[in-house]
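Reviewing the structure listed below.
Only the coordinates and a few stated rules stand behind these numbers; no lab work does. Here the structure is a predicted model, which means the values were calculated and not measured. Positions of Cβ are backbone-derived with ideal geometry, glycine not excepted, and every protein chain shown enters the neighbour counts.
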Amino acid sequence: MRKNIVAGNWKMNTTLQEGVALAKDVNAALEGVQPKCDVIICVPFTHLASVNAVIDANKLGLGAENCADHASGAYTGEISAAMVASTGAKYVILGHSERRQYYGETSETLKEKVALAFENGLTPIFCIGEVLEERENGTFFDVVKEQIESALFHLSAEDFGRIILAYEPVWAIGTGKTATDDQAQEMHAFIRGVIADKYGKEVADNTSILYGGSCKPTNAAALFAKPDVDGGLIGGAALKADSFMGIVTAF
């Protein structure tokens, strides 16, 4: 059975001290609560070990926002998947639209990152999605299909089954725009169909597909009610414990 998941992506926000305080707040908010989803926070590299020390891993998963496409070596400033795993993190966001846009990440790069994540026991939260121009010119299905096929369809069915997908309508990130519930469902159902065509219905039905575009406490319940929307990858609303929990409890 696929899981419902709410994952926070803190991006380049919070100092170490602020991040530890926020993680403590989220952890405390989960005390005595039985959420109907897995809850994950993906935090800056500098925070990982310190945050891991103050959260209950049975209630709150920990992830990084990226990892390098090399295992080790002379890559100044990079953070390897092994380094991420050594902090106690269990997840890593890969292929986020901001990484693709600002840092030139390609499907070939992401293939390497996925492989290294797996080698180090990390679960990738793999992002896909179209920009505004692609939404408006009607190529959005083709774009998303190509992103999945080129970076992930070399995997075995077993390995593909270890991935969490996150659909980001890039035009709705940080813009205040949100894909309608029906637009989100349409794309999520399409993605599940693409997976089914490659790996079969069982793998497709067991793949968690999160929505990642300006999800807030006010719209989360309607989005999560859609049959193919299995949760959210949350940006701005994850930076305050109360708004993040408002999304967690939307299930």
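When the helices in the chain are scored as -39500 (n - 2.57) per DSSP H run of 4 or longer and the sum is shared across all residues, what 222 nm value do you end up with, to the nearest 500 deg cm²/dmol?
Values: 12 runs with 104 residues, N = 251.
One gets -11500 deg cm²/dmol as the mean residue ellipticity at 222 nm.
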Q: Report the label-to-label distance for Ala74 and Val203 in nanometres (one decimal), using points 7 Å from each Cα along the Cα→Cβ vector.
A: 3.9 nm
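With +1 on the Cβ of every Lys and Arg and -1 on the Cβ of every Asp and Glu, and nothing else charged, how large is the dipole of region 1-143 about its Cα centre, in debye rounded to the nearest 20? Numbers along the way, then the final one.
Details: 12 positive and 18 negative charges, 107 e Å.
Roughly 520 debye for region 1-143.
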Q. Once amide H atoms are placed 1.01 Å from N in the peptide plane, what residues at a sequence separation of 5 or more from Asp38, or on another chain, have their amide H within under 5 Å of its amide H?
A. Asn4, Ile5, Val6
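So between Thr15 and Leu132, what do we pick up on full extension, going 0.36 nm a residue minus the alpha carbon distance?
Working: separation 117, 0.36 × 117 = 42.12 nm, distance 3.18 nm.
Gain on stretching Thr15 to Leu132: 38.9 nm.
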Q: Return the aspartates and glutamates within reach of Lys198: Cα separation strictly under 15 angstrom, same-chain partners fewer than 8 residues apart disregarded; answer none if there are no such residues.
A: Glu146, Glu149, Glu158, Asp159
Q.
Give the separation of the Cα centroids, region 114-176 to region 42-86, in Å.
A. 20 Å
Q | Nearest-20 debye value, region 5-248 charge dipole, Cβ charges on Lys, Arg, Asp, Glu | A | 560 debye
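Report, to one decimal in Å, the Kirkwood hydrodynamic radius for the chain based on all distinct Cα pairs. Walk me through the numbers on the way to the answer.
Values: mean 1/r = 0.0555 Å⁻¹.
Result for the chain, one decimal place: 18.0 Å.
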Q: Anything over 26 Å Cα to Cα? Flag those among Lys11/Lys216; Lys3/Lys90; Lys201/Lys240, in the order listed.
A: Lys201/Lys240
Q) Once phi is turned into θ = phi - 60°, what whole-Hz ³J(HN,Hα) does the Karplus curve with 6.51, -1.76 and 1.60 give for every residue of region 232-237, x standing for Gly and Pro? A) x, 9, 9, x, x, 6
Q | Val54 versus Ala222: modelled label distance in nm, points set 7 Å from Cα along the beta carbon direction | A | 3.6 nm
(Q) Along the charge dipole of the chain, pointing to its positive end and built from +1/-1 on Cβ of Lys, Arg, Asp and Glu, which listed residue (Leu239, Ala85, Ala117) has its Cα farthest out? (A) Leu239
Q. How about region 1-110: which GluC sites (Glu not before Pro) there are in a DSSP loop, with at most 11 other Cβ atoms within 10 Å of their Cβ?
A. Glu31
Q: Among His70, Gly193, Thr207, pick out the residue whose Cα is farthest towards the positive end of the charge dipole of the chain, where Lys and Arg carry +1 and Asp and Glu carry -1 on C-beta, about the Cα centre.
A: Thr207
